[in-house]
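Notes for the one structure printed next.
Taken together, the values in this text are just the output of simple stated rules run on the coordinates, not laboratory data. Since the model is a prediction, treat every value here as computed from it, not as a measurement. A quick note on method: Cβ atoms are made from the backbone with ideal geometry, for glycine too, and the neighbour counts reach across all protein chains shown.
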Amino acid sequence: MIAIIDYNAGNLRSIEKAFSIYEKDVKLTNNPEVILSADKLVLPGVGNFGDSVKNIEAVKFDEKVCDKLNTDCTNLKELIVQNIGKVPFLGVCVGMQLLFEKSEESKGEGLGVFNGEVVKFVNAPKIPHMGWNNVKQVLDIPLFEGIKDNDYFYFVHSYYVKTFDEKIIAGTCDYGTEFTCAVNKDDIYATQFHPEKSGKSGLKMIENFVELI
């Protein structure tokens, strides 16, 4: 079962629909019991970094439910941080940015899974970066299997990740500035682009994630 984490972010239905092509059991949920029992987790997101942080923190868990699940997590943010990487995890767009510590866009602490911050484009031709752009594959990761290097994916964003750990950079893109658009460490994957909006290559990436063991 694949759990798509619901924290009132936009674009949830389109990503749910894309995953449903390759997996019958897809649940859009913020239920801790469902999340902890999932075989794979997806954290989507569009919009403002700070609002997304607030929305994740606002999903509170009942104390009795936490006791039943033998967890001390009191909200969705804590649950993600404590359990990320135990099963394959995919962050998409703001879902990728949230994995880092902070953003220039607004106040609020990210999940802090990776060291780094989210910064605004300075030398970009136009903001937001919206439309198709090619992705240079830096790491040979399972998500890129069957996808050509420098293939095109769909982007919609004004901020990008500046990671302090170059070893996790899986893909880059050039938009006035070369920036990190895909990261990977162990079973944690994330993309700045939207695979669910990226045609055949994006669907192939989703299929690759679904097939991860």
**OP:** Tally the residues that are surrounded by fewer than 19 Cβ atoms within 10 Å (Cβ to Cβ), closer than 15 Å to Ile169 by Cα and either among the aromatic types (Phe, Trp, Tyr) or touching a strand residue (DSSP E or B) at 6+ places or on another chain (Cβ under 8 Å) (or both), restricting the search to segment 131-149.
**Re:** 5
**OP:** Could you list, in sequence order, all residues of segment 95-117 that are closer than 17 Å to Ile56 by Cα and touching a Leu at 6+ places or on another chain (Cβ under 9 Å)?
**Re:** Gly95, Met96, Leu98, Leu99, Phe100, Glu101, Gly110, Leu111, Gly112, Val113
Subject >> Which numbered condition Phe155 fails, given (1) surrounded by 18 or more Cβ atoms within 10 Å (Cβ to Cβ); (2) assigned to a loop (DSSP other than H, G, I, E, B) >> reply: (2)
Original post:
Mind checking which pairs have a first residue in segment 62-77 that is in contact (Cβ under 8 Å) with a residue 40 or more places away in the chain and within 28 Å of Gln97 (Cα to Cα) and a second that is among the hydrophobic types (A, V, I, L, M, F, W, C) and in a loop (DSSP other than H, G, I, E, B), Cβ under 8 Å, 6 or more apart or different chains?
Top reply: Cys73/Phe61; Leu76/Val59; Leu76/Phe61
Original post:
Got at least one residue in segment 131-147 being under 27 Å from Gly50 (Cβ atoms), of a type in the set (Gly, Ala, Ser) and touching a residue at least 40 places away in the same chain (Cβ under 8 Å)?
Top reply: no
**OP:** State whether the residues of segment 186-194 include one that is in contact with a strand residue (DSSP E or B) (Cβ under 6 Å, 6 or more places away or on another chain), farther than 19 Å from Phe89 by Cβ and among the aromatic types (Phe, Trp, Tyr).
**Re:** no
**OP:** Could you pull out the residue among Val94, Val135 that is within 18 Å of the chain's Cα centre (by Cα) and more than 18 Å from Tyr7 (Cβ to Cβ)?
**Re:** Val135
**OP:** Considering each of Pro44, Pro32 in turn, give the residue that is crowded, with 19+ Cβ neighbours inside 10 Å and either in contact with a Pro (Cβ under 6 Å, 6 or more places away or on another chain) or more than 26 Å from Phe179 (Cβ to Cβ) (or both).
**Re:** Pro32
Subject >> Exclusive hit being touching a Pro at 6+ places or on another chain (Cβ under 8 Å), under 27 Å from Tyr159 (Cβ atoms) and surrounded by 14 or more Cβ atoms within 10 Å (Cβ to Cβ), set Cys66, Cys93 >> reply: Cys93
**OP:** Would you mind listing the helices (runs of 4 or more DSSP H) fully within segment 30-121 where at least 3 residues are touching a helix residue (DSSP H, G or I) at 6+ places or on another chain (Cβ under 6 Å)?
**Re:** 49-58, 76-83
Subject >> Qualifying residue in segment 180-200 (condition: among the aromatic types (Phe, Trp, Tyr) and either crowded, with 19+ Cβ neighbours inside 10 Å or on the phi > 0 side of the Ramachandran plot (or both)) >> reply: yes
